[in-house]
Amino acid sequence: MTGLAEQVNAFLSHLKNERRLSVHTLAAYQRDLKALLNYASEAGIDQARDLKASDIRGLISQGHRKGLSGRSQQRKLSALRTFFAYLARESGVDLNPALLVSAPKTPRRLPKTLDADQVSNLLTMETISWHDVRDKAILELFYSSGLRLSELTACNKSSVSWDENTLLVHGKGNKERILPVGRYAQTALKDWLNVRDNVPTKGAEIDPDALFISERGTRISNTNVQARIKSWTRKQGNGLHVHPHMLRHSFASHILESSGDLRAIQELLGHADISTTQIYTHLDFQHLAQVYDQAHPRAARRAKPKSAVTLPGDKT
C-alpha cells in the first residue's frame with residue numbers, strides 16, 4: 001500500500017508536470033506538505049486515510065506555537081485541502097479532513113501604493129548608463145501593465161506586439177493574458193531594445209529571447225530586478241521604499257479610482273477570484289474618505305482636539 005510520503009511526492013509531481021505551477025508556488029506546497037509529513041511521522045501515521053481533522057488541527061496549532069502568521073496558516077490549510085482532493089481523485093481517499101478545519105483569521109492589510117505624483121517623480125530621472133535605460137523600461141512596464149515580478153522577468157522580446165501595443169504574459173497556473181502597454185512604457189521599451197543587443201557582457205552570449213537581460217547576458221532574475229528598483233529609488237532620494245508589487249498595486253488603484261470597473265481590473269491583474277481584487281475598493285474608499293474629510297465643511301469624521309474654553313472668573 002502506498003505510504004503518505006509517496007502520495008505527497010506523486011502530488012508534487014502532478015503540480016509540477018501537469019498543472020505546471022511556478023517554482024515559487026511549488027516550493028510553498030513542498031514546505032507545507034513537509035510539515036504534514038513531519039507531524040504524521042511524530043504521530044506514527046503512515047497513511048493519508050488515517051489522518052483525521054484532529055490531526056490537521058494539531059498541525060495548525062503547532063504552526064501557531066512556532067509563530068507562523070495567519071496568512072501562512074491559511075496557505076498551509078489550502079495546500080492540505082488541495083492535496084486531499086487530489087487523493088480523492090487518484091487514490092480513492094474520499095475523506096478530506098482539512099475541510100473540517102477552519103482557517104485562522106488574520107487582519108487584512110491594505111497594500112501600500114504610490115500616488116500619481118510619486119510615480120511621476122520616481123520615473124523622472126535622466127538615463128545615463130544602459131542599466132538606467134533598462135531599469136526605466138522595467139519600472140514603466142510594471143506601472144503601465146500591472147505585472148507581477150515573475151511575469152516581467154519571464155517576458156520575451158516576442159511577447160511585445162508593436163502593432164497592437166500589447167504584451168502577452170503568462171500568469172499563475174501558466175494562464176495567458178494580453179495587457180495594454182502605455183505610451184511612456186512603449187517609449188522606454190524601444191529605448192531599451194535599441195541598446196539591448198550591445199550590452200557589454202564580457203564575451204558571454206546574450207540570451208536571444210529574454211526581454212530583459214543582466215550584465216551576464218542572461219535573463220534578468222527576480223532578485224536582480226528587486227535590487228535594481230531599490231537602487232533606482234535610492235538615487236531619487238525621495239525616501240520611498242518601492243518594490244515591484246507596490247507598482248502593481250498603484251496601477252490597480254489608479255485605474256479603479258478613474259474607472260470604477262472592478263471586473264476590468266480583475267482581468268488586467270489576472271486574478272482568478274474577484275474577491276482578491278476587491279481589496280482595491282478599500283483603497284479607493286480610503287482615498288475618497290480622505291478627500292471628504294478635507295473638503296466637506298461638516299465632515300467631522302476625525303475627532304479634533306477640543307479648544308480650551310475660558311469661563312468667566314477663570315484665571316488665565
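Key figures for this structure:
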quantity: In sequence order, calculated HN-Hα J values of segment 151-164 (Karplus, 6.51, -1.76, 1.60; Hz; x Gly/Pro); calculated: 5, 5, 5, 7, 5, 10, 4, 6, 5, 8, 9, 6, 5, 9
quantity: For residue 156, distant residues with modelled amide H under 5 Å away; calculated: 211
quantity: Exposed-loop-free span, longest in the chain, where trypsin sites (Lys or Arg not before Pro) count as exposed if DSSP calls them loop and at most 13 other C-beta atoms lie within 10 Å; calculated: 203-297
quantity: Low-density loop cleavage sites - chymotrypsin sites (Phe, Trp or Tyr not before Pro) in segment 91-191, where at most 13 other Cβ are within 10 Å (DSSP); calculated: 162
quantity: Segment 81-153-segment 195-241 distance, computed between alpha-carbon centres (Å); calculated: 20
quantity: Exposed-site-free run, longest, the chain (rule: GluC sites (Glu not before Pro); DSSP loop; at most 16 other C-beta within 10 Å); calculated: 19-125
quantity: Qualifying lysines (Cα of each under 19 Å from Cα of residue 16; at least 8 residues distant if same chain); calculated: 34, 76, 172, 175
quantity: Kirkwood Rh (inverse of mean 1/r, distinct Cα pairs), the chain, angstrom; calculated: 23.3
quantity: Kirkwood Rh, Cα atoms: Rg over Rh of segment 116-292; calculated: 0.97
quantity: Percentage relative contact order, the chain, counting C-alpha pairs under 8 Å, at least six apart; calculated: 15
quantity: Span-like helix ranges in the chain, DSSP H, alpha carbon extent 15 angstrom or more, Kyte mean at least -0.5; calculated: 4-17, 23-42, 130-145, 244-259, 279-295
quantity: Residues 166, 187, 223, sorted so that the one with the fewest Cβ neighbours within 10 Å comes first; calculated: 223, 187, 166
quantity: Average Cα contact separation per residue, segment 116-292, under 8 Å, 6 or more apart, as relative contact order %; calculated: 23
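Laboratory data are not the source of any read-out in this text; all were calculated from the coordinates shown. Here the structure is a predicted model, which means the values were calculated and not measured. Note that each Cβ is placed from the backbone with ideal geometry, even for glycine, and that neighbours are counted across all protein chains shown.
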